[in-house]
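A.B. asks: Before anything else, here's the structure in question.
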Amino acid sequence: MLSKKALITGITGQDGSYLARFLLNKNYTVYGLIRRASTFNTKRIDDLHNNVKLKKKFKLFYGDLTDETSINNLIKDIQPNEIYNLAAQSHVKVSFENPVYTANASGIGTLRILEAIRTLNLKTKFYQASTSEIFGNTKPPQSENSIMRPCSPYGAAKLYANEITRIYREGFGIYASNGILFNHESEVRGETFVTRKIIKGLVRIKLNKQKTLLLGNLYAKRDWGYAPDYVEGMWKILQQKKPDDFVLATGKSYTVKNFIYKVCKNLNMKIKFKGKYEKEIGYNENGRAIIKIDPKYYRPLEVNSLRGNFSKAQKVLKWKPKTSFSEMVRKMVLNDYKEEVGSNNK
Ligand code: NAP
Ligand code: GDD
């Protein structure tokens, strides 16, 4: 049987790197869209890229979601069976600083792909990386039917992408589905997202490589799952007879502060918080201030509490998260500990 062809945008990102591996294991030929950068940006997939045995199964092409021509040509040349649109300016805080670019890449970028599928008259199945950020401050638990009222330029761009995906499905009969994913983390999570930032920072403090960790809002709640579990859900979404939208989540949520306590426990560190608001400080067992608040990490608007209801995915896709919160934190801490100790010995 001929192997299926999948195109992944955002293949150099956290999810793209896991999805590429998942699809290769399922015998897909994987095509990835990468951006040209002045430094190497393929660290997460270099082992695949440099593997001679994968030469025919794993191919990378330059392009950009803001560049219609590159998107059109790529889709026309590859004629993929499935497209996973994971590319985005994905940082919520950055989207307040770069709102127009965020709208262009994370919002209109989705439309560019859908238009290519439509005008080329392809049978390609399309997956859109939608997000729990589209719910904004709608009361948890949030499901596919909850009110969508985002609180950031990123959330607004993603809501546009979510809706244009539904519109192309309903209006043009394109197989197009949204995976509305709640936060998911891993050993290769970007270091500016709060989970990885906390772990890296506390590991480095433990190893005396860093004095303090600066953070923003400690009281926001997130539903944090493990990224490798979620890429399986993405694939399952595109294997359904009919296209549809699905929430993927764990159904549990924790504050940023809870996350800090959990990491400290894993590192055998004690932490005690004193003070309020911007003056809140976390002290270690020797009374040394190791966590401080820097208001520059506050957002003009905050999404206070996310907790997903994934019962539709459980029922229809037979999907549920496999990795517990504790196990995920343990894996991430171990990875960064090894990485930081390793970099000492280089
Ligand atoms: P990520 O690590 O930030 O990766 C984003 C990817 O998009 C990178 O490969 C990046 O390329 C690429 N990209 C950015 N702008 C682009 C452009 N203009 N043209 C082409 N590629 C571009 O994100 P992630 O955590 O893997 O998330 C994957 C997707 O799911 C994103 O769309 C994100 O918004 C969404 N999402 C994520 C979560 C989560 O918790 N992780 C939850 C819900 C939804 P470079 O490597 O060159 O920067
Ligand atoms: N990044 C960051 N840095 N966040 C901080 C910090 C800090 O120093 N201090 C506190 N936070 C808080 C943020 O205010 C937010 O409430 C929470 O930690 C999580 O922030 P992020 O890890 O940046 O993730 P996010 O929830 O804003 O967005 C992520 O999840 C979305 C799904 O809900 C991203 O992966 C998005 O792309 C994704 O759509």
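A.B. asks: Can you name the number of the only condition in (1) crowded, with 18+ Cβ neighbours inside 10 Å; (2) free of Cβ contacts under 8 Å to residues at least 40 places away in the same chain; (3) outside the structural domain of Phe135 (by TED's automatic domain parsing) that Val263 fails?
C.D. replies: In the conditions (1) crowded, with 18+ Cβ neighbours inside 10 Å; (2) free of Cβ contacts under 8 Å to residues at least 40 places away in the same chain; (3) outside the structural domain of Phe135 (by TED's automatic domain parsing), Val263 misses (2) alone.
A.B. asks: When you go through Lys338, Lys296 one by one, which is the residue that is away from ligand 1 (no atom under 16 Å from the Cβ) and exposed (fewer than 12 other Cβ atoms within 10 Å of the Cβ)?
C.D. replies: Values: Lys338 fails: exposed (fewer than 12 other Cβ atoms within 10 Å of the Cβ).
Going through Lys338, Lys296 in turn, just one is away from ligand 1 (no atom under 16 Å from the Cβ) and exposed (fewer than 12 other Cβ atoms within 10 Å of the Cβ): Lys296.
A.B. asks: Could you grab me the full set of residues in the stretch 1-10 that are at pLDDT 95 or above, more than 16 Å from ligand 2 (Cβ to nearest atom) and not charged (D, E, K, R)? I'd like the intermediate steps shown before the answer.
C.D. replies: We begin by selecting, within the stretch 1-10, every residue at pLDDT 95 or above; these are 4-10.
With the extra rule that they be more than 16 Å from ligand 2 (Cβ to nearest atom), the set shrinks to 4-8.
The answer is Ala6, Leu7, Ile8.
A.B. asks: Across the stretch 125-155, what is the total count of residues that are within 14 Å of ligand 2 (Cβ to nearest atom) and either open to solvent by less than 60 Å² (accessible area, probe 1.4 Å) or touching a Pro at 6+ places or on another chain (Cβ under 6 Å) (or both)?
C.D. replies: 20
A.B. asks: Filter the stretch 188-211 down to the residues that are within 12 Å of ligand 2 (Cβ to nearest atom) and of a type outside the set (A, V, I, L, M, F, W, C) and list them by number.
C.D. replies: Start the filter on the stretch 188-211 by keeping residues that are within 12 Å of ligand 2 (Cβ to nearest atom), which leaves 189-201.
Once the filter is applied, which keeps residues that are within 12 Å of ligand 2 (Cβ to nearest atom) and of a type outside the set (A, V, I, L, M, F, W, C), the stretch 188-211 yields Arg189, Gly190, Glu191, Thr192, Thr195, Arg196, Lys197, Lys200, Gly201.
A.B. asks: Confirm whether Lys158 is among the basic types (Lys, Arg), within 11 Å of ligand 2 (Cβ to nearest atom) and crowded, with 24+ Cβ neighbours inside 10 Å. Lay out the reasoning, then the answer.
C.D. replies: Details: among the basic types (Lys, Arg): yes; within 11 Å of ligand 2 (Cβ to nearest atom): yes; crowded, with 24+ Cβ neighbours inside 10 Å: yes.
For Lys158, the condition - among the basic types (Lys, Arg), within 11 Å of ligand 2 (Cβ to nearest atom) and crowded, with 24+ Cβ neighbours inside 10 Å - is met.
A.B. asks: Taking Glu185, is it surrounded by fewer than 22 Cβ atoms within 10 Å (Cβ to Cβ) and of a type in the set (Asp, Glu)? Don't jump to the end; show me each part of the working.
C.D. replies: Details: surrounded by fewer than 22 Cβ atoms within 10 Å (Cβ to Cβ): no; of a type in the set (Asp, Glu): yes.
Here the answer is no, as Glu185 does not meet what is asked.
A.B. asks: For the stretch 323-340, indicate whether the set of residues that are in a helix (DSSP H, G or I) and at pLDDT below 95 is non-empty.
C.D. replies: Within the stretch 323-340, the first condition is being in a helix (DSSP H, G or I), and the residues that meet it are 325-340.
Checking which are at pLDDT below 95 leaves us with none.
No, every residue in the stretch 323-340 fails to be in a helix (DSSP H, G or I) and at pLDDT below 95.
A.B. asks: Which residue, of Lys53, Lys5, is over 24 Å from Arg189 (Cβ atoms) and touching a residue at least 12 places away in the same chain (Cβ under 8 Å)? Give the derivation first.
C.D. replies: On the way: Lys53 fails: touching a residue at least 12 places away in the same chain (Cβ under 8 Å).
Residue meeting the stated conditions: Lys5.
A.B. asks: Somewhere in the stretch 112-124, is a residue open to solvent by 10 Å² or more (accessible area, probe 1.4 Å), within 16 Å of ligand 1 (Cβ to nearest atom), of a type in the set (Ser, Thr, Tyr) and in a helix (DSSP H, G or I)?
C.D. replies: Within the stretch 112-124, not a single residue is open to solvent by 10 Å² or more (accessible area, probe 1.4 Å), within 16 Å of ligand 1 (Cβ to nearest atom), of a type in the set (Ser, Thr, Tyr) and in a helix (DSSP H, G or I).
A.B. asks: I've got another one for you. Go through (1) open to solvent by 30 Å² or more (accessible area, probe 1.4 Å); (2) farther than 30 Å from Gly173 by Cα; (3) away from ligand 2 (no atom under 12 Å from the Cβ) and name the single condition Lys242 misses.
C.D. replies: With (1) open to solvent by 30 Å² or more (accessible area, probe 1.4 Å); (2) farther than 30 Å from Gly173 by Cα; (3) away from ligand 2 (no atom under 12 Å from the Cβ) applied to Lys242, the lone miss is (2).
Yes or no, residue by residue, for (1) more than 30 Å from Ile290 (Cα to Cα); (2) of a type in the set (Gly, Ala, Ser):
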residue: Glu144; (1), (2): yes, no
residue: Asn183; (1), (2): no, no
residue: Gly190; (1), (2): no, yes
residue: Lys200; (1), (2): no, no
residue: Thr212; (1), (2): no, no
residue: Leu218; (1), (2): no, no
residue: Arg222; (1), (2): no, no
residue: Ala227; (1), (2): no, yes
residue: Val231; (1), (2): yes, no
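A.B. asks: Go through the stretch 12-60 and count every residue that is within 16 Å of ligand 2 (Cβ to nearest atom) and open to solvent by less than 50 Å² (accessible area, probe 1.4 Å). Break it down into steps so the answer makes sense when it comes.
C.D. replies: Looking only at the stretch 12-60, we keep the residues that are within 16 Å of ligand 2 (Cβ to nearest atom), and these are 12-19, 44.
Pick out the ones that are also open to solvent by less than 50 Å² (accessible area, probe 1.4 Å) and you get 12-19.
Result for the stretch 12-60: 8.
A.B. asks: Also, quick follow-up: Open to solvent by 60 Å² or more (accessible area, probe 1.4 Å), assigned to a loop (DSSP other than H, G, I, E, B) and in contact with a strand residue (DSSP E or B) (Cβ under 9 Å, 6 or more places away or on another chain) - does that describe any residue in the stretch 309-319?
C.D. replies: No, the stretch 309-319 contains no residue that is open to solvent by 60 Å² or more (accessible area, probe 1.4 Å), assigned to a loop (DSSP other than H, G, I, E, B) and in contact with a strand residue (DSSP E or B) (Cβ under 9 Å, 6 or more places away or on another chain).
A.B. asks: Identify, please: which residue in the stretch 2-11 is open to solvent by less than 30 Å² (accessible area, probe 1.4 Å) and among the aliphatic types (A, V, I, L, M) and is, among those, farthest from Ile34 (Cα to Cα)?
C.D. replies: Step one: of the stretch 2-11, the residues open to solvent by less than 30 Å² (accessible area, probe 1.4 Å) are 6-11.
The next check asks that each one be among the aliphatic types (A, V, I, L, M); those that pass are 6-8, 11.
On the way: Ala6: 14, Leu7: 11, Ile8: 9, Ile11: 7 Å.
This residue is Ala6.
The values are calculated or read from the model by the stated rules, or taken from the named source; none is laboratory data. What you are looking at is a predicted structure, and each value in this text was computed from that prediction instead of being measured. Note that each Cβ is placed from the backbone with ideal geometry, even for glycine, and that neighbours are counted across all protein chains shown. Just the protein is used for accessible areas: all its heavy atoms, side chains included, with ligands, DNA and RNA removed. Shrake-Rupley method; radii C 1.70, N 1.55, O 1.52, S 1.80 Å.
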